[in-house]
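Step one of this worksheet: look at the structure below.
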Amino acid sequence: MGKYFAFLCFYLSLPLAINAKEGDIEIIAKKTKPSIVVIKSKGRSDGKEALGTGFFISKDGLLATNYHVIGEGKKITLETSDGKEIDIASVYAFDRENDLAILKAVNPSGSFLTISDSSTFQDGTSVVAVGNPQGLKHSVVTGVISGKREIEGREMLQVAIPIEPGNSGGPIVNLEGKVLGILTIKSLVTNNLGFAIPAEQLNKLLKTSPVSIPMKAWATIGALNEDLWEPIFQGNWRQRAGRIISEGAGNGIGGRALLLSKIVPPTLPFEAEVWVKLKDETGAAGLIFDSDGKDKHFGFYPSNGQMRLTKFNGPDVYSWQVLRQDNLNSYLPGDWNHLKVSIHSKGFSTFLNGQLAYEHMEDFSASKNVGLAKFRNTIAEFKGFHVSKKLRPVFPDKDFSTTFNTFFTNLEDDKKEDPSLVEKILKNENLTKTIINDKIKLLEKKTSDLKVLQADIFHRSTLSKLNKTISATPDFSILEAAFLIAKIDNTEIETSFYLDEINKMKLKLGSKIQPDSNIDQKIKVLSDFFFLEKGFHGSRQDYYHRSNSYLSEVMDDREGLPITLSLLFVELGKSIGLDIYGVGLPGQFMAGINKNKDDFVLIDVFEGGKILSKDQASKKILEINGRTLVDNDFLPMKNKQILIRILTNLSGIAKKEKDNIGLIRYLDAIITIDENSHEERGNRIILLAQNNQIQKAIADIDYLLLKGPKELDSEKLNEFKQLLLKKSSNSKDN
């Protein structure tokens, strides 16, 4: 938008003339407000909630707003002028280019605004806007339409009205209360100037064939995978980066909300586990098992700081039986706690953080549902939920503990108090305080060092797995490698879980393909499955969010960059027999498909599966970055190149955010994939030196001196090595 602001200064001299009488404005405001709603949406950043405005345009619940207000993939809530919340059935239609969206509400109030033809207005026409600027709900402002302007190829109404965050998507109406436009852009030059989409664009959108995407398919960010989970007693369940979060109370007695796993448990005996953390210890949350899918189940969970084992025999507290409730020393308030249950035909055993908690005898004839439960209003987080015949050990055995403890031989052993010294210490309390403070600082330093060591062990382990994966075969599993890249920043990611989910998607997609399906039909089925049924889409408002490069979170949120979306699209396409591969065009990654010997097309996965010819793709890239494509640009990109491109995206974000530690991790991964990434190794040398990792920097210098390119300035590199050796020597002396 920057290119048009220069000429806006001319229009700042326009008078803010209000031709409407005060009484007219009051009447218009009173008539308009019942049709206005507050629109709230949540994206990937927890706690951040976007605010906008919308308005009803039909009695049956159609509602207009800006496309950027609802945000693709985001959960949306509506609030009417009288404070009531309204559910949304679907996104009825949308137009990204003109920043318009139409929602279909459930059980609307019936109030709506009439859309006028904005081509009939004259410059200076008085208008009224109702919106939610800065969260001030249903505020009324007046102004005039100054004229029509072309903004970046789009015709817009210039309005002399102050626009603030929260106004977007609101109507501007004339003195008859009819909609002339939809507020969308605020001038960066002045607070009293903005722009609106002409109402005729909204009329055009209404006349097109609606997409009518159900909210379940639209609101993918934070949405649970309905193939894996079934909520019981409602409750606010969402997922975020490998964790499940539950907020608020369910509608069961005691605020009970259940989340049943759709994974069929093995035959008896079997085990189930989960990690749980409570924000408020007065609440309760944990494992449930032997569930009938309704009111009956067992529960093992912390409650009010104690551990509780309960048998739920029905819908109310009178049918619940608390079998055990104790203060267990192994429970960690406010921290992550590991819960496990081992179930057999004669009963079960429960474990808290690796220690036996309770045993219970009861006849079980068959395996029943397992899942999660939360009670009351606390916020609970869950991670690492598994059900298996025999779970892998979580806590170390004696041998491993002994081996690991050799790392810490320099730590002091606890010593018993020496009574002969107590009196001296008590007489010198100030000196004692000084010594203890020094000890605290030392222990804090050791704690910090241990955290660094822990992060280093996790990182090196991930790189080792990445190296093993890419070295297995030339045609290695790129999906597994991509999930390992995500694991660099999130150690809790389980690659096997996501690979299993993709395999299930492949089976479901395959079941939709008919034996006689041709290539075009397969492409259509793949696109419908990927974009409409599963809801995958390009991330527009959060494009530079790191989550878009983490394949795990792209799976969780159904939102990503062209490269990560294409990666999944290509793998699914291969599973149904398409000759499909990734094409790394400069500035836009796409999927390429060979339909036959002479027919090649590109799929723009970021744009919802739009099919492009070579010429159309070339035109698009030319518009994006001025690059003219050649034949080699359309060749399949190799797996290692794709992974490095993902890591390069992450590196760019880390540079922008001045996250040198994160940048080092990404450079580590790039060099693990391709040890001849000399430029990246050179960048890593500087970063390692700056972060006092001298020996690692020297090792990189030695590598470049031995295996680097011929044009390398070895003399300067040796000089830098000597500086680092001197710095290292001085550090040891001090």
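The values are calculated or read from the model by the stated rules, or taken from the named source; none is laboratory data. It should be emphasised that the depicted structure is a prediction, and the values quoted were computed from it without experimental measurement. In this analysis, Cβ positions are derived from the backbone assuming ideal geometry, glycine residues included, and neighbour counts consider all displayed protein chains.
For segment 88-111, what are the residues that are of a type outside the set (S, T, N, Q), in contact with a strand residue (DSSP E or B) (Cβ under 7 Å, 6 or more places away or on another chain) and surrounded by fewer than 20 Cβ atoms within 10 Å (Cβ to Cβ)? Spell out how you get there, then give the answer.
Step one: filter segment 88-111 for residues of a type outside the set (S, T, N, Q), giving 88-89, 91-97, 99-106, 108, 110.
Adding the requirement that they be in contact with a strand residue (DSSP E or B) (Cβ under 7 Å, 6 or more places away or on another chain) leaves 88-89, 91-94, 99-106, 108.
Those that are of a type outside the set (S, T, N, Q), in contact with a strand residue (DSSP E or B) (Cβ under 7 Å, 6 or more places away or on another chain) and surrounded by fewer than 20 Cβ atoms within 10 Å (Cβ to Cβ): A89, V106.
Checking the structure you have, find out if any residue of segment 128-137 is among the hydrophobic types (A, V, I, L, M, F, W, C), outside any loop (DSSP other than H, G, I, E, B) and modelled with pLDDT under 80.
Step one: filter segment 128-137 for residues among the hydrophobic types (A, V, I, L, M, F, W, C), giving 128-130, 136.
So of that shortlist, the ones also outside any loop (DSSP other than H, G, I, E, B) come out as 128-130.
Those still in the list that are modelled with pLDDT under 80 too: 130.
Yes, segment 128-137 contains at least one residue that is among the hydrophobic types (A, V, I, L, M, F, W, C), outside any loop (DSSP other than H, G, I, E, B) and modelled with pLDDT under 80.
Out of the residues in segment 333-363 that are surrounded by 13 or more Cβ atoms within 10 Å (Cβ to Cβ) and of a type in the set (A, V, I, L, M), which is farthest from K279 (Cα to Cα)?
My answer is I343.
Only one of (1) at pLDDT 95 or above; (2) part of a helix (DSSP H, G or I); (3) of a type outside the set (V, I, T) is not met by K512, so which one is it?
Only one criterion in (1) at pLDDT 95 or above; (2) part of a helix (DSSP H, G or I); (3) of a type outside the set (V, I, T) is unmet by K512, namely (2).
On the basis of being at pLDDT 70 or above and more than 22 Å from A486 (Cβ to Cβ), does K415 make the cut?
Values: at pLDDT 70 or above: no; more than 22 Å from A486 (Cβ to Cβ): yes.
Criteria not met by K415.
Quick test for you: out of D556, D542, pick the one residue that is touching a residue at least 60 places away in the same chain (Cβ under 8 Å), among the charged types (D, E, K, R), part of a loop (DSSP other than H, G, I, E, B) and closer than 21 Å to R243 by Cβ. Break it down stepwise before answering.
Numbers: D556 fails: part of a loop (DSSP other than H, G, I, E, B).
Testing whether each residue is touching a residue at least 60 places away in the same chain (Cβ under 8 Å), among the charged types (D, E, K, R), part of a loop (DSSP other than H, G, I, E, B) and closer than 21 Å to R243 by Cβ leaves just D542.
For segment 364-391, give me each residue that is crowded, with 16+ Cβ neighbours inside 10 Å, within 21 Å of K311 (Cα to Cα) and of a type in the set (S, T, N, Q).
S367, N369
Given the residues G608, G582, which is the only one that is out of contact with any strand residue (DSSP E or B) (no Cβ under 6 Å at 6 or more places or on another chain), on the phi > 0 side of the Ramachandran plot, touching a residue at least 60 places away in the same chain (Cβ under 8 Å) and not charged (D, E, K, R)?
On the way: G582 fails: on the phi > 0 side of the Ramachandran plot.
Going through G608, G582 in turn, the sole match is G608.
Considering each residue of segment 555-584, count those that are under 12 Å from L479 (Cα atoms) and crowded, with 19+ Cβ neighbours inside 10 Å, and give that number. Can you show your working first?
At the first step, the residues of segment 555-584 found to be under 12 Å from L479 (Cα atoms) are 555, 564-572.
Applying the additional criterion that residues be crowded, with 19+ Cβ neighbours inside 10 Å yields 555, 564-570, 572.
Going through segment 555-584 one residue at a time, the tally reaches 9.
Please work out which one of (1) crowded, with 17+ Cβ neighbours inside 10 Å; (2) β-branched (V, I, T); (3) modelled with pLDDT under 80 is the condition V140 fails and give its number.
All conditions pass for V140, except number (1).
Name the single residue, out of those in segment 81-114 being among the hydroxyl-bearing types (S, T, Y) and modelled with pLDDT of 85 or more, that is nearest to A219 (Cα to Cα).
Ranking the candidates gives S90 first.
Quick one: count up the residues across segment 451-475 that are among the hydroxyl-bearing types (S, T, Y) and in contact with an Asp or Glu (Cβ under 8 Å, 6 or more places away or on another chain).
We begin by selecting, within segment 451-475, every residue among the hydroxyl-bearing types (S, T, Y); these are 461-462, 464, 469, 471, 473.
Subsequent filtering for residues that are in contact with an Asp or Glu (Cβ under 8 Å, 6 or more places away or on another chain) retains 469.
Selection size over segment 451-475: 1.
Tell me which residues, restricted to segment 357-376, are farther than 20 Å from D335 by Cβ and either under 36 Å from the mean Cα position of the chain (by Cα) or at pLDDT below 95 (or both).
E362, D363, F364, S365, A366, S367, K368, N369, V370, G371
Suppose we filter D615, D604, D579 for residues that are farther than 25 Å from Q514 by Cα and not polar (S, T, N, Q); which single one remains?
On the way: D604 fails: farther than 25 Å from Q514 by Cα; D579 fails: farther than 25 Å from Q514 by Cα.
Checking each option against the conditions leaves just D615.
Within 23 Å of the chain's Cα centre (by Cα) and over 22 Å from E607 (Cα atoms): which single residue out of I686, I653, I670 fits that description? Break it down into steps so the answer makes sense when it comes.
On the way: I686 fails: within 23 Å of the chain's Cα centre (by Cα); I670 fails: within 23 Å of the chain's Cα centre (by Cα).
Residue meeting the stated conditions: I653.
Are any residues in segment 613-657 of a type outside the set (A, V, I, L, M, F, W, C), surrounded by 13 or more Cβ atoms within 10 Å (Cβ to Cβ) and not in a helix (DSSP H, G or I), and if so, which ones?
R627, P636, K638
L712 is checked against (1) free of Cβ contacts under 8 Å to residues at least 60 places away in the same chain; (2) in a helix (DSSP H, G or I); (3) not acidic (D, E) and fails just one. What number does that condition carry?
Only one criterion in (1) free of Cβ contacts under 8 Å to residues at least 60 places away in the same chain; (2) in a helix (DSSP H, G or I); (3) not acidic (D, E) is unmet by L712, namely (2).
When you scan segment 430-448, how many residues do you find that are closer than 25 Å to E492 by Cα and either surrounded by 11 or more Cβ atoms within 10 Å (Cβ to Cβ) or assigned by TED's automatic domain parsing to the domain that holds I488 (or both)?
The number of residues fulfilling the criteria is 1.
Would you confirm, using the coordinates I've provided, whether V422 is among the β-branched types (V, I, T), in contact with a strand residue (DSSP E or B) (Cβ under 9 Å, 6 or more places away or on another chain) and either within 30 Å of R256 (Cα to Cα) or modelled with pLDDT under 65 (or both)?
Taking the combined requirement at face value, the residue does not satisfy it.
From the residues in segment 239-259 that are charged (D, E, K, R) and either buried (at least 18 other Cβ atoms within 10 Å of the Cβ) or in contact with a helix residue (DSSP H, G or I) (Cβ under 8 Å, 6 or more places away or on another chain) (or both), which one is modelled with the lowest pLDDT?
Here is the first cut: in segment 239-259, the residues charged (D, E, K, R) are 240, 243, 247, 256.
If we keep only those that are either buried (at least 18 other Cβ atoms within 10 Å of the Cβ) or in contact with a helix residue (DSSP H, G or I) (Cβ under 8 Å, 6 or more places away or on another chain) (or both) too, we end up with 240, 256.
Details: R240: 78, R256: 93.
The qualifying residue modelled with the lowest pLDDT is R240.
Does L706 satisfy the criteria of being on the phi < 0 side of the Ramachandran plot, modelled with pLDDT under 95, assigned to a helix (DSSP H, G or I) and surrounded by 11 or more Cβ atoms within 10 Å (Cβ to Cβ)? It would help to see each step written out before you state the result.
Numbers: on the phi < 0 side of the Ramachandran plot: yes; modelled with pLDDT under 95: yes; assigned to a helix (DSSP H, G or I): yes; surrounded by 11 or more Cβ atoms within 10 Å (Cβ to Cβ): no.
Taking the combined requirement at face value, the residue does not satisfy it.
Among the residues in segment 514-537, are any closer than 30 Å to L663 by Cα and surrounded by 22 or more Cβ atoms within 10 Å (Cβ to Cβ)? Full working, then the answer.
First pass over segment 514-537, keeping only residues closer than 30 Å to L663 by Cα: 536-537.
Among the residues that remain, those that are also surrounded by 22 or more Cβ atoms within 10 Å (Cβ to Cβ) are: 536-537.
Yes.
Out of (1) within 19 Å of L352 (Cα to Cα); (2) out of contact with any strand residue (DSSP E or B) (no Cβ under 9 Å at 6 or more places or on another chain); (3) not charged (D, E, K, R), the odd one out for N304 is which?
Checking N304 against (1) within 19 Å of L352 (Cα to Cα); (2) out of contact with any strand residue (DSSP E or B) (no Cβ under 9 Å at 6 or more places or on another chain); (3) not charged (D, E, K, R), the one that fails is (2).
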